[in-house]
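Peer 1: Below you will find the structure I want to go over with you.
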Amino acid sequence: MSSKYQVCDERFAHFVTFTIVNWIDVFTRNEYRNIIIESLNYCIKNKGLRVHAFCIMTNHVHLIVSAHDGFKIAFIVRDLKKHTANTLLKAIIKNDRESKREWMLWMFERTGKKNASNEKYQFWQNGYHPVELNNIALIDQRLDYIHNNPVRAGFVLSPEEFMYSSARNYSSKRDCVMEVEYL
């Protein structure tokens, strides 16, 4: 992996992105988005993760994260991606209402066969491209980028309208899907 995309200084928060292979729109259903939220909350409680901002789009997830002392962002992300991939694949397989199920599984399997480290399916693209946020300008730029992503996509008119984003937290909305540690 390029040194450009590695966590170098654990003291700083990092902007990271997880993208579904082939940009498949999985997160169009709340039940799949909730798996991401539950997994993030688990990592917060049990793996030393600190989530400062998030946005779950239809085919990727943006986060600003850091780790408590003694924990490594890379290890947390590795475990989070592995767990969410397995859990989401099981949810897709079991979901009789999933109209794209066969196609998605075919795509995940097709991509998985190209990567020797997979048993059968590949859900997430490799990597997570951490960007160190070591100054206020970078933090502000990435917060704005994350929170305005649903606006740019045309899903909502203002960032705080999007339920699966920390823009709601930062705007003091009461019905947030998860808590964040403010930057």
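Peer 1: Using Cα pairs under 8 angstrom and six or more residues apart, how large is the relative contact order of the range 1-65, in percent?
Peer 2: Relative CO of the range 1-65 lands at 43 percent.
Peer 1: What's the lysine pair count for the chain at a Cα cut-off below 19 Å, pairs eight or more apart or interchain?
Peer 2: Summing the qualifying lysine pairs gives 23.
Peer 1: Give me S158, S66, S172 ranked fewest to most by other Cβ atoms within 10 Å of their Cβ, as a rough exposure proxy.
Peer 2: Sorted ascending by nearby Cβ count, the order is S172, S158, S66.
Peer 1: GNM on the chain, C-alpha springs below 10 Å: top fluctuator among R50, R152, R142?
Peer 2: In this elastic network of the chain, the residue with the biggest mean-square fluctuation among R50, R152, R142 is R152.
Peer 1: Identify, among N135, N95, V151, the residue whose Cα sits farthest towards the positive end of the charge dipole of the chain, taking +1 on the Cβ of Lys and Arg and -1 on the Cβ of Asp and Glu, with the dipole about the Cα centre.
Peer 2: Going by the charge dipole, the pick is N95.
Peer 1: Here is a further query. Can you tell me the relative contact order of the range 33-183? Whole percent, Cα pairs under 8 Å, sequence separation 6 or more.
Peer 2: 25 percent
Peer 1: On to the next question. Taking the Cα centre as origin and putting +1 on Lys and Arg beta-carbons and -1 on Asp and Glu beta-carbons, what dipole magnitude results for the range 1-99, to the nearest 20 debye?
Peer 2: Working: 14 positive and 9 negative charges, 30 e Å.
So the magnitude is around 140 debye.
Peer 1: Grab the DSSP H runs of the chain that are 4 residues or longer, score each as -39,500 (n - 2.57), total them, divide by all residues and round the 222 nm result to the nearest 500 deg cm²/dmol.
Peer 2: -13000 deg cm²/dmol
Peer 1: Taking the chain as a Gaussian network, where each spring joins two C-alpha atoms under 10 Å apart, which residue of L157, L105, L143 fluctuates the most?
Peer 2: Most flexible of the set in this elastic network: L157.
Peer 1: Can I ask one more? At 0.36 nm per residue, minus the direct Cα-Cα distance, what do K100 and H83 gain on full extension? Give it in nm, one decimal, please.
Peer 2: Separation in residues times 0.36 nm, less the Cα-Cα distance, equals 3.9 nm.
Peer 1: Using the beta-carbon distance between K72 and E119 and R0 = 25 Å, what value does 1/(1 + (r/R0)^6) give for FRET efficiency, to the nearest 0.05?
Peer 2: Taking R0 as 25 Å, the efficiency between K72 and E119 is 0.50.
Peer 1: With a cut-off of at most 11 other beta carbons within 10 Å, and DSSP calling the residue loop, which trypsin sites (Lys or Arg not before Pro) in the range 82-128 qualify? Please list them.
Peer 2: Sparse-neighbourhood loop trypsin sites (Lys or Arg not before Pro): R97, K114, K120.
Just so you know, all these numbers are worked out from the coordinates, no wet-lab data involved. All of these numbers come straight from a predicted model, not from anything done at the bench. Glycine gets a Cβ as well: all are built from the backbone with ideal geometry, and neighbour counts include every protein chain shown.
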